[in-house]
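**Q** Structure in structure tokens, see below.
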Amino acid sequence: MSYFPLMIQLEHAPVLLVGGGRTAWRKAAILLEFGAAVEVVAPAMDPEIRGLDVILHQRPFALCDLERQPWRLVVAATDDRVVNRMISEGCRKRGIPVNVVDDPELCTFIFPAIVKQQEVVCAVSSGGRSPLVAQWMKRRLQQVMPENLGILNEAMGQFRKALQREEPEKGKRRDRLKKKLAELLGKGL
């Protein structure tokens with residue numbers, strides 16, 4: 001069955017990342033881009049992960065780590081399948097969404113391939129079956145998306161906010177929003 005696409009607010013949200021290698025670094029970088037407050041637990045850590053704005057706990061993972069915070073998400077990025085399974089099971093028992101890198105059967109959520117321009121975010125998933133397919137689709141989206149889509153979105157957001165105050169009728173607001181979007185697209189914004 002396909003994963004349901006859900007956009008979640010992570011700004012200042014506590015996220016636990018277990019693992020200190022290159023894969024963990026990539027996941028941490030993505031989470032930080034969306035404002036998460038990332039804590040990393042791992043017995044050994046690559047220099048790249050040490051350079052990120054994360055809280056580091058250099059030690060092995062323990063199940064009690066799942067109790068230290070009201071984690072919004074947990075990511076298991078270790079190369080130890082036993083530890084990854086323990087993390088997955090512990091999170092499921094506690095109702096914490098968990099991603100186990102490269103092991104969809106242990107995940108309750110997966111990381112999509114992401115294209116981001118300011119607040120405009122597109123996510124592509126292969127359901128964990130083929131990350132290469134998702135990455136290919138991401139590259140295709142990047143080729144067709146206007147480079148200024150984030151700026152356009154911001155301008156439309158400001159216009160919409162002002163319009164909500166001055167135009168009470170929903171249908172008229174929608175028509176004016178469509179007209180404004182066409183105007184901005186015509187200007188090449």
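The values are calculated or read from the model by the stated rules, or taken from the named source; none is laboratory data. Note that the structure is a prediction, hence the values are computed from the model and not measured. All Cβ positions, glycine included, derive from the backbone under ideal geometry; neighbour counts span all protein chains shown. The accessibility values were calculated without ligands, DNA or RNA, using every heavy atom of the protein model including side chains. Shrake-Rupley method; radii C 1.70, N 1.55, O 1.52, S 1.80 Å.
**Q** Among 146-154, 159-167, what's the highest-first ranking by average C-beta atoms within 10 angstrom per residue? List each step's numbers first, then the result.
**A** On the way: 146-154: 14.9, 159-167: 11.7.
Highest-to-lowest ranking by the protection proxy: 146-154, 159-167.
**Q** Taking 37 °C and 0.692 mPa s as the conditions, I'd like the Stokes-Einstein D for the stretch 1-87 in µm²/s, using the Kirkwood hydrodynamic radius from alpha carbon pairs. Don't jump to the answer; show the numbers that get you there.
**A** Details: Rh = 13.2 Å.
Roughly 248 µm²/s, to the nearest whole number.
**Q** Any idea of the accessible area per residue across the stretch 1-60, 1.4 Å probe, to the nearest Å²?
**A** Details: 3540 Å² over 60 residues.
Here the residues of the stretch 1-60 average 59 Å² of exposed surface.
**Q** Taking only DSSP H segments of four or more residues, each worth -39500 (n - 2.57), what value at 222 nm results for the chain once the sum is divided by all its residues, to the nearest 500 deg cm²/dmol?
**A** Values: 6 runs with 79 residues, N = 189.
Value at 222 nm, helices only, nearest 500: -13500 deg cm²/dmol.
**Q** Give me the net charge of Gln9's neighbourhood, meaning all other residues with Cβ under 15 Å from the Cβ of Gln9; Lys, Arg count +1, Asp, Glu -1. Walk me through the numbers on the way to the answer.
**A** Values: positive: Arg72, Lys116; negative: Glu11, Glu33, Glu119.
Local charge sum for Gln9: -1.
**Q** Additional query: Quote the charge dipole size of the chain about the Cα centre in Debye, to the nearest 20; the model charges only the Cβ of Lys and Arg (+1) and of Asp and Glu (-1). Could you put the intermediate results ahead of the total?
**A** Values: 29 positive and 22 negative charges, 177 e Å.
That gives the chain a dipole magnitude of about 860 debye.
**Q** So how tilted is helix 22-33 from the main axis of the chain? Cα-based, degrees 0 to 90, rounded to 10.
**A** Its long axis makes an angle of about 40 degrees.
**Q** How big is the antiparallel share of DSSP beta bridges in the stretch 57-137, given as a percent to the nearest 5? Let's see the in-between values first.
**A** Details: 5 of 8 bridges.
Antiparallel bridges: around 60 percent, rounded to the nearest 5.
**Q** Moving to a separate point now. With both partners inside the chain, how many of the DSSP beta bridges are antiparallel, as a percent to the nearest 5?
**A** 25 percent
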